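Engineer: Sharing a structure, written as structure tokens. Questions coming.
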Amino acid sequence: MKKFYVTTPIYYPSGEAHLGHCYSTVAADAIARFNRMRGHDVMFLTGTDEHGQKIETNAIKEGMKPKEYVDKIVEKFLNLWKILGISYDKFIRTTDDYHVRSVQKVFKILYDKGEIYKGKYEGWYCVPCESFFSHTRLVSGKCPDCGRDVKFQSEEAYFFKLSKYSERILQFYRNNPDFIEPESRKNEMIKFVESGLEDLCVSRTSFKWGVPVDFDPDHVVYVWIDALTNYITALGFGSENLVSFDKFWPADVHIVGKEIVRFHAIIWPAILMALDLPLPKKIYGHGWLLFGDGNKMSKSRGNVVDPVVLCKRYGTDAVRYFLLREIPFGADGTFSNLSLIERINFDLANDLGNLLSRTVSLAIKGFGGSDADCREINLAGEYESSQEDERLIQKAISLCKLYENDFENFEFSSALSKVWSLISDCNKYLDNAAPWKYMTDENEKAKFSNVLYNVFESLRIISILISPVMPETAIKIQEQIGAKSEICTWQNASNWGLLAFNSKIKKMEAIFLRIDCEKELDDLESVTQKNDNMDFISIKDFSKIDLRVGRVVGCEVVKNSKKILKLTIFDGECDREVVSGIAQRYTPEELIGRNVILVANLKPAKLCGINSNGMILASSGKNVNLIFTDLSEPGERIS
């Protein structure tokens with residue numbers, strides 16, 4: 001039996017899981033299910049990376065011990081994976097005792113081999129990314145990865161001799177051209193290595209929440225050796241039981257986001273080379289889930305989407321399908337509530353759901369069965385197939401090989417697109433054959449039965465192929481068409497005519513329902529996004545704000561005040577007085593004649609004894625800046 005080992009990144013539990021985490025995990029789960037379906041012996045690993053300064057700092061803020069803090073968050077990850085149907089074989093936590101002991105052994109092995117040495121580190125450190133950077137790598141003085149502030153730190157540390165592996169890593173890339181995918185990621189890594197590698201800081205003394213260096217307890221093992229080695233410690237490396245390690249290593253594929261490809265394609269191979277261990281077969285760096293503004297979905301930005309809400313609202317399989325169908329896996333893609341709802345309405349409810357529902361209904365009506373039991377859906381040998389029948393049959397039985405090729409190359413969207421092409425053909429086949437026209441004619445019963453059988457057999461094959469992505473839906477389809485589990489295997493996905501002629505057809509609830517898009521969007525905006533620092537509003541709430549262009553026709557400094565200006569603003573209909581604290585930034589002369597954005601329906605308030613009828617929009621950063629709209633006309637609405 002062929003073995004297959006697939007991993008996700010281990011996720012950092014500094015906040016709740018979001019849809020970005022689900023993207024990697026659902027993809028890895030689909031890969032694992034696909035390979036199990038083909039009869040392979042699969043190990044699917046996921047987990048959490050629980051050490052580091054950020055965790056320690058967050059726990060102190062919460063008045064908790066670090067382990068208590070991460071326990072609470074890890075439980076939410078585990079609950080989400082249960083909701084999403086993630087079929088992992090092992091969940092590793094870097095706080096697990098066996099992992100801690102193994103990391104200490106790995107660190108000692110590398111130290112004894114001269115691959116790790118003690119020195120002093122001076123550099124710019126980004127706490128959120130838990131990364132050091134040289135001054136030349138900073139971008140405008142900030143972290144090159146996340147754009148946030150860095151601070152200069154100097155401390156004693158152990159270093160891994162990463163620099164000595166530059167040429168060896170490049171040679172490995174040349175000898176294994178498919179090691180990093182997609183191609184664009186490989187090219188990035190080649191350029192990075194060719195620019196020169198620096199030795200890597202692998203211990204810290206400025207915080208204590210980490211794996212202690214057992215021969216130098218002032219130090220804790222830094223993230224690279226602690227986190228990256230999870231892929232082998234989970235298999236027993238560093239312990240007495242190496243059965244799983246010998247069986248499953250090297251990994252067939254590490255599924256990671258593109259932002260951490262560098263760690264997996266450069267640092268991890270160097271560590272394995274230093275340990276004289278085989279390298280994984282493939283690093284696949286998928287793209288990001290972005291919002292419409294082009295920003296990555298991330299906890300630190302606060303723009304996360306709550307996957308629990310989406311799963312409860314639409315069903316797990318709908319969310320899983322959207323994640324793998326909407327975006328080609330290696331590329332960045334945009335998430336929106338509208339795109340999710342449209343996939344559900346068009347692909348799942350209209351195409352697949354409608355095909356299943358109307359075919360089952362036709363069978364029940366045509367054979368006079370009850371909703372729970374309808375027999376004799378086909379009269380074998382009494383009907384000669386047409387060209388249309390043969391075209392559908394050939395497409396269905398040839399789909400398996402095409403699907404397999406796409407899935408092996410992690411082209412999930414393409415694989416699903418091919419399945420939906422067959423679903424579309426089945427719907428057209430039904431429309432053209434119009435079996436309802438002759439279902440009551442006993443002389444045409446064979447023709448009627450034949451049409452339904454061809455669609456049911458196609459649905460059986462469809463259910464097999466979608467099962468890695470939509471496991472619950474696959475079972476529901478099989479239950480309704482009376483397909484027993486033994487004919488719904490991968491080996492039977494390219495065989496035709498396996499559905500029994502007297503199968504029991506069951507009418508059940510629709511597998512997917514259409515959604516009122518406009519109503520749903522209004523409701524959904526307020527419940528799917530989370531932000532630790534702000535309360536989101538719905539589009540309905542935003543529409544209550546009357547934003548319009550106003551022209552400043554008069555302006556003066558308020559007496560006895562250094563900060564307040566009284567502005568007279570023409571809003572397209574009348575003049576109104578508005579008070580604003582911008583006198584230290586703008587003079588009256590600079591504002592008169594300029595167009596600004598006015599909140600026109602703000603409740604009036606008395607400020608400095610003056611009735612203020614509205615508010616003008618300005619940034620509230622280090623320097624206050626008004627938003628001028630001089631090319632617009634007073635009274636124009638902002639929407």
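Engineer: Please specify each residue of region 154-176 satisfying the condition of being among the polar types (S, T, N, Q) and either without any contact (Cβ under 8 Å) to a residue 12 or more places away in the chain or not in a helix (DSSP H, G or I) (or both).
Structural biologist: Of everything in region 154-176, those that are among the polar types (S, T, N, Q) and either without any contact (Cβ under 8 Å) to a residue 12 or more places away in the chain or not in a helix (DSSP H, G or I) (or both) turn out to be SER154, GLN171, ASN175, ASN176.
Engineer: Something else about it: Any idea which residue in region 98-119 is nearest to ARG204 (Cα to Cα), counting only those that are in a helix (DSSP H, G or I) and basic (Lys, Arg)?
Structural biologist: Here the residue is LYS108.
Engineer: Out of THR48, THR7, THR95, which single residue is free of Cβ contacts under 8 Å to residues at least 60 places away in the same chain, closer than 27 Å to CYS201 by Cβ, touching a strand residue (DSSP E or B) at 6+ places or on another chain (Cβ under 7 Å) and crowded, with 17+ Cβ neighbours inside 10 Å?
Structural biologist: Of THR48, THR7, THR95, the one residue that is free of Cβ contacts under 8 Å to residues at least 60 places away in the same chain, closer than 27 Å to CYS201 by Cβ, touching a strand residue (DSSP E or B) at 6+ places or on another chain (Cβ under 7 Å) and crowded, with 17+ Cβ neighbours inside 10 Å is THR48.
Engineer: Same structure again: May I ask you to list the residues in region 250-288 that are in a loop (DSSP other than H, G, I, E, B) and among the aromatic types (Phe, Trp, Tyr)?
Structural biologist: Across region 250-288, the qualifying residue is only TRP288.
Engineer: So, one more: Taking region 443-472 as the search range and keeping residues that are of a type in the set (Ser, Thr, Tyr) and out of contact with any Phe, Trp or Tyr (no Cβ under 8 Å at 6 or more places or on another chain), which one is farthest from SER424 (Cα to Cα)?
Structural biologist: Selected residue: SER467.
Engineer: Going through region 216-249 one residue at a time, which ones are among the hydrophobic types (A, V, I, L, M, F, W, C), over 20 Å from TYR11 (Cα atoms) and in a helix (DSSP H, G or I)?
Structural biologist: Of everything in region 216-249, those that are among the hydrophobic types (A, V, I, L, M, F, W, C), over 20 Å from TYR11 (Cα atoms) and in a helix (DSSP H, G or I) turn out to be VAL243, PHE245, PHE248.
Engineer: As an exercise: evaluate ASN623 against (1) under 18 Å from VAL553 (Cβ atoms); (2) exposed (fewer than 15 other Cβ atoms within 10 Å of the Cβ) and give the number of the one condition it does not meet.
Structural biologist: (1)
Engineer: Among (1) at pLDDT 95 or above; (2) part of a helix (DSSP H, G or I); (3) crowded, with 23+ Cβ neighbours inside 10 Å, where does SER398 come up short?
Structural biologist: Exception for SER398: condition (3).
Engineer: Further question on the same structure: Quick one: is PHE179 in contact (Cβ under 8 Å) with a residue 12 or more places away in the chain and in contact with a strand residue (DSSP E or B) (Cβ under 6 Å, 6 or more places away or on another chain)?
Structural biologist: No: the conditions fail for PHE179.
Engineer: Scan region 100-153 for residues that are without any contact (Cβ under 8 Å) to a residue 24 or more places away in the chain, of a type in the set (Gly, Ala, Ser) and over 30 Å from ALA234 (Cα atoms) and jot them down.
Structural biologist: Of everything in region 100-153, those that are without any contact (Cβ under 8 Å) to a residue 24 or more places away in the chain, of a type in the set (Gly, Ala, Ser) and over 30 Å from ALA234 (Cα atoms) turn out to be SER140, GLY141, GLY147.
Engineer: Based on this model, can you work out whether SER612 counts as hydroxyl-bearing (Ser, Thr, Tyr), surrounded by 13 or more Cβ atoms within 10 Å (Cβ to Cβ), at pLDDT below 85 and more than 46 Å from the chain's Cα centre (by Cα)?
Structural biologist: no
Engineer: Please go through region 506-538 and give me each residue that is surrounded by 12 or more Cβ atoms within 10 Å (Cβ to Cβ) and either basic (Lys, Arg) or modelled with pLDDT of 80 or more (or both), ordered by number.
Structural biologist: LYS506, LYS507, MET508, ALA510, ILE511, PHE512, LEU513, ARG514, ILE515, CYS517, GLU520, LYS530
Engineer: Same structure again: Quick check on this structure: which one of VAL106, VAL150 is buried (at least 20 other Cβ atoms within 10 Å of the Cβ) and touching a Lys or Arg at 6+ places or on another chain (Cβ under 9 Å)?
Structural biologist: Answer to the selection: VAL150.
Engineer: Quick one: ARG204 ticks every box in (1) farther than 19 Å from ASP49 by Cα; (2) modelled with pLDDT under 95 except a single one, so which number is it?
Structural biologist: (1)
Engineer: Let me ask another. For residues that are at pLDDT 85 or above and among the β-branched types (Val, Ile, Thr), scanning just region 120-165, find the one that is farthest from VAL213 (Cα to Cα).
Structural biologist: VAL139
The values are calculated or read from the model by the stated rules, or taken from the named source; none is laboratory data. Nothing here was measured: the structure is a model prediction, and the numbers come from that model. Quick reminder, even Gly has a Cβ in these numbers, built from the backbone with ideal geometry, and neighbours come from all protein chains shown.
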